[in-house]
Amino acid sequence: MKMLEKQGHYFVLILALMGNFLVWHFNEHRLPVWANVPPAPSEIAAAATFLGDKEMAYRSFAITLQSFGNDTGQVMALKDYNYENLGGWFLLENGLNNHSDYVPYLAGYYFGANQDPSKLGPVIEYLRIVGKNPLPDKWRFLGQAVFLKRHRMNDIKGALKLAEELAETYRPGMPAWPLQMKAIIATDMGDKKQAYLMMVEMLHSAAATMDPIEVNFIIDYTCNTILSPMQSAKDALCQKHDK
């Protein structure tokens, strides 16, 4: 009886091995199919997955974000990602933890390198939201949004609007470039009169709290880039600077 039982076990094992071999034989040439970026869960559902621990959810989903496109043994190009769904994941992470810089850096410097710049809208909108957070140094991500809008998407008007929002984040003690950005973009647009007025207003309203090097940059940019040599020679600001 025991011998028959043992033989039965061997028979089942052999069948299992044969079945495994047949599955492998008929599927060895098939590659896993990437399902692309799925829609993000709600913040409540995301936290519930980790028994209400939002920080654990944030860290786990941050690693998931970083690994999208590499979970089938293949490496997918960023241009093939669903950026609308990615935008949902960014906002989810911002709701779980709006202090960490990990996901904003991932969005701006990794996903922002998409080979198809036309898809960068959700990244830029997320960086805009993060950049308006009053926590220290978050404004830098709004600066990255300006860069992507201006130099990756070539949307100079959209970049100017973002630069105006960036200027509103300026506080004494910050670098001056959040204020300077809108004037620089206005110069690129050919609106040098408006750029000049922006720079002069910047000097009147904030020069007292700026580093002297930044004040000198503003004057130099105004006199040598915004104004023509003839205009610069007649401008009181430039004449004073030359002295």
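The values are calculated or read from the model by the stated rules, or taken from the named source; none is laboratory data. What you see is a predicted model, and the numbers here were worked out from it, not measured in a lab. Cβ atoms come from the backbone with ideal geometry, glycine included; neighbour counts cover every protein chain shown. What goes into the accessible areas is simple: the full protein's heavy atoms, side chains included, and nothing from ligands, DNA or RNA. Shrake-Rupley method; radii C 1.70, N 1.55, O 1.52, S 1.80 Å.
Just a few scattered comments:
- Of Tyr102, Tyr81, Tyr196, the one that fluctuates the most in a GNM where the chain has Cα springs shorter than 10 Å: Tyr102
- Modelled FRET efficiency - R0 22 Å, Glu84 with Phe217, Cβ distances, 0.05 increments: 0.05
- Rough spin-label spacing in nm, given labels placed 7 Å along Cα→Cβ, for Leu197 and Ser228: 2.0 nm
- Estimated from helices alone, the mean residue ellipticity of the chain at 222 nm is -18500 deg cm²/dmol (sum of -39500 (n - 2.57) over DSSP H runs with n ≥ 4, per residue).
- Here is what passes the span test in the chain: the DSSP H helices with alpha carbon length of 24 Å or more along the helix axis and a Kyte-Doolittle mean of 0.0 or above are 2-27.
- GNM top mover of Leu106, Leu142, Leu13 - the chain, alpha-carbon springs below 10 Å: Leu13
- Label point distance in nm, Gln115-Met189, each placed 7 Å from Cα along Cα→Cβ: 3.3 nm
- Fully extended contour minus Cα-Cα distance, from Tyr102 to Phe50, at 0.36 nm per residue: 16.8 nm
- Placing Trp34, Trp89, Trp177 in order of accessible area, with the largest value first and a 1.4 Å probe, yields Trp177, Trp34, Trp89.
- Note: the chain, Cα convex hull, 171 Å³ per residue.
- Inter-probe distance in nm under a simple model that places probes 7 Å from Cα toward Cβ, at Leu17 and Ile156: 7.3 nm
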